[in-house]
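To start, the structure under review is shown below, and the notes come after it.
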Amino acid sequence: MSDSALMNTYGERTTTLVKGDGAYLWDSEGNRYLDALSGIAVCGLGYNHPAVTRAIAEQAEKLIHCSNLYLIEPQQALGQILVDTSGMEKVFFSNSGAEANEAALKIARKFGQQKGISHPHVITADRSFHGRTMATLSATGNTKVKQGFEPLVEGFSHVPYNDVDAIKAAATANTVAIMVEPVQGEGGVNVPAPDYLNALRELCDSNDWLLILDEIQTGNGRTGRFFAYQHNNILPDVVTTAKGLGNGVPIGACLARGKAAEILQPGNHGSTFGGNPLVCNAGLAATKTLLEQDLMTRAAALGEMMLTQFRETLSDVACVVDIRGKGLMIGIELDQPCGDLVAQAKQKGVLINVTAGNTIRLLPPLIISDEQARTIVDTVVDLIKQ
Ligand SMILES: *Cc1c(COP(=O)(O)O)cnc(C)c1O
């Protein structure tokens, strides 16, 4: 049991981070760490980025919050940039990833209801992660996330990821949407076949289903394009993002297009804080910086470089099952649980993550130098070899 005032939702935590700059973080004892996690794919521009800090400070001096009963300039500006960059048409701003997915699922439900389907059904993937709210944990393909929280929200079925035939087999007359991550993050950095999303697009088109992509982790440049679906030259009907959108301020977005864009009407959805002036001005600065500096292209090149280095140095290491990734979303699957490596890497001054029990997950800031990337690779390789 934790003796602090905080609910023990995160297990034992021993390190207090107090300061960040670029790709480095410092703890309360003055130790410096090279960050290969970015606050779980959040701080793509690293820490203390001047453009984001300035945007927050300037907005705080003008207006931190007003309700969505009024027009909000930074919200309109960020919405426009996201629409222009994504090929989508309309944006709803939320405070988190799970809430962005809630908006997407409400769009799917109402889309179904409008077609006369009274029990709309959404197909999602095994090993997916869509959030911790009741609907999003029900959508999630991981029993650990759901256990103890029954009854779940109905209307979801789960199929193996990267398996188009499994979707066809699971579909019913009530099916209204497919919802997947373009690369599964929490599930172990699972990269599907290059044409998986194209096949899903075709399937949705021929059945009048919505294609919902959860880009909460893959979005905002992480995989080498602004959104990962841009590798496939397709457009989803709905896409959600959050983590990298505000470089650390709590903001999420649900973007929709075509028939999905007009489904939520006045009174159907809303949020007190969602898209408020402060977070949108931060998101605007972060997104402009990402696009102006073309950090997506940089992420693609860095990711290729790191994957090549890992493959070269780990090719003959028996415990390595697979090395995979896209852009700066990299997974190294071992043949055994490897959670202990997190503390060992920290000891060596590098912050990493382990997900799905046996997969080292690296999500470094997109602004890391070649040398910093090499340091991350060398540290992780040394630890695996030990
Ligand atoms: C993190 C994540 C979520 C949940 O986002 P929160 O902001 O924690 O609610 C949903 N989907 C994916 C793919 C994620 O990586």
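The values are calculated or read from the model by the stated rules, or taken from the named source; none is laboratory data. Since we're looking at a predicted model, the values are computed, not measured. A quick note on method: Cβ atoms are made from the backbone with ideal geometry, for glycine too, and the neighbour counts reach across all protein chains shown. Heavy atoms of the whole protein, side chains included, go into the accessibility calculation; ligands, DNA and RNA do not. Shrake-Rupley method; radii C 1.70, N 1.55, O 1.52, S 1.80 Å.
Checked against the criterion of being over 18 Å from the mean Cα position of the chain (by Cα), open to solvent by 50 Å² or more (accessible area, probe 1.4 Å) and basic (Lys, Arg), region 259-277 contains one or more residues that satisfy it.
With respect to (1) under 30 Å from Arg374 (Cα atoms); (2) open to solvent by less than 80 Å² (accessible area, probe 1.4 Å); (3) among the β-branched types (Val, Ile, Thr), the lone exception for Val18 is condition (2). Checking each residue in region 241-275 for being assigned to a loop (DSSP other than H, G, I, E, B), within 16 Å of the ligand (Cβ to nearest atom) and of a type outside the set (D, E, K, R) picks out Ala242, Gly244, Leu245, Gly246, Gly248, Pro250, Ile251, Ser271, Phe273, Gly274, Gly275.
A single member of Ile384, Ile367 is open to solvent by less than 50 Å² (accessible area, probe 1.4 Å) and not hydroxyl-bearing (Ser, Thr, Tyr), and it is Ile384. A single member of Ala125, Ala139, Ala108 is within 19 Å of Lys243 (Cα to Cα) and within 16 Å of the ligand (Cβ to nearest atom), and it is Ala139. Against the numbered list (1) more than 16 Å from the ligand (Cβ to nearest atom); (2) open to solvent by less than 60 Å² (accessible area, probe 1.4 Å); (3) polar (S, T, N, Q), Gln80 comes up short only at (2).
Return the residues of region 211-225 that are within 16 Å of the ligand (Cβ to nearest atom) and assigned to a loop (DSSP other than H, G, I, E, B); say none if nothing qualifies. Of everything in region 211-225, those that are within 16 Å of the ligand (Cβ to nearest atom) and assigned to a loop (DSSP other than H, G, I, E, B) turn out to be Glu215, Ile216, Gln217, Thr218, Gly219, Asn220, Gly221, Arg222, Thr223.
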